[in-house]
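A short reminder: the numbers here are calculations on the coordinates, not readings from a lab. Given the structure is predicted, the values throughout are model-derived calculations rather than measurements. Positions of Cβ are generated from backbone atoms using ideal geometry, with glycine treated the same way; all protein chains shown enter the neighbour counts.
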Amino acid sequence: MRRLSLVALLVTFFSSGVFASNDWVSYVGNWTDPAGWSASRPPSGAEEVKVRGQEAICTLNTSTGDWGVGQRMRVYEGARLIIEDGAELLGTGWMRVGATDAGYLVQTGGLLRLTQGKDTAKLGVGDQAGSDGYYTISGGSLAYSGDGGDLLIGARGGQGTFTIVGAKPSIAMNNLYVGNQAGASGTLEFQIGAAGVSPINLAGTAYLDPEGTGTVAALILSLIDAPPVEQDIPLITGTIQGTFDTVNGAPAAEGASVALNFAGSDYAYTLTYADGVALQWVPEPATLLLLGLGGLIVAARRPRSKK
């Protein structure tokens, strides 16, 4: 009788997906390819999903992928997950890019959406001590529904980098943590183009270097095209707690000067945390011109070419 009870208990665990896992291991191909998965089929939405192995490259496009009852997805051991136009990656819980070692996620299109399940719906990039996580988004959407929806860059002692390229992506999360828990290092990188750069839009709060000591929150800014002149560039919307430790390697307190260059032209900003995090355009140092009627005007800064 005890043996039957034990068997029944094990069947219950496996059927609920608690122990079920479907792994993509050291394989290069499309998410829909059955040969890439340990279960000889793509994930069903009722199991944990792992993309792992130094040689692993899994590309999701023109189809829907999900992880469900197992509540977790991991990209690690040097593996790379690529999300392209036409793809939907849907999960009901915790996703980790970089866990115990390196993981890479590259999104050029499509949708990645987190939904609250048994685990809190969250995305950790570099989410464990000893791990390096990298998420680069240049198109598509990163979003959440329901409760949860937290984005953690460098968490639980890990090292995480989240890079936004240009103004095409859409990023809408609940809370943001950069450098979360002792030993963690988080880096947010914004590559700014002619239309600016997509901000991280938050319904809740951005916690920047929340520990204060023993963690790092870094901001990296660069130009990939001439930016919009005489315009401020929002980086994070929502409530802000804390500040970055550095911006391009220099102190990043309120009002810090930020000088950017593209094709020999300089662009000057200050870093502000007043209504979210933004680059505030700096006008040309007051050049006052006397008008015929005695009035004064101020000439705004234009990009200057280096000679």
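Between residue 254 and residue 213, how high is the FRET efficiency from 1/(1 + (r/R0)^6) when r is the Cβ-Cβ distance and R₀ = 25 Å? Nearest 0.05. Please list the in-between numbers first.
Numbers: r = 19 Å, r/R0 = 0.78.
So, using R0 = 25 Å, E works out to roughly 0.80.
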Once amide H atoms are built 1.01 Å from N in the peptide plane, which residues 5 or more positions from residue 217, or in another chain, come under 5 Å H to H?
186, 245, 246
Once amide hydrogens are built 1.01 Å from N within the peptide plane, the residues lying 5 or more places from residue 265 or on another chain with amide H under 5 Å from its amide H are 306
How large is ³J(HN,Hα), in whole Hz, for each residue of segment 49-56 in order, when computed from phi with the Karplus curve 6.51 cos²θ - 1.76 cosθ + 1.60 and θ = phi - 60°, using x for Gly and Pro?
10, 10, 10, 8, x, 4, 8, 6
Hey, how many Å between the Cα centroid of segment 56-99 and the Cα centroid of segment 113-167?
12
Placing one identical point scatterer on every Cα of segment 2-305 and ignoring solvent, what is log10 I(q)/I(0) from the Debye formula at q = 0.11 Å⁻¹?
-0.69
Karplus 3J(HN,Hα) series, Hz, for segment 269-281 with 6.51 cos²θ - 1.76 cosθ + 1.60 (x for Gly, Pro):
9, 10, 8, 10, 10, 5, 10, x, 9, 8, 8, 9, 4
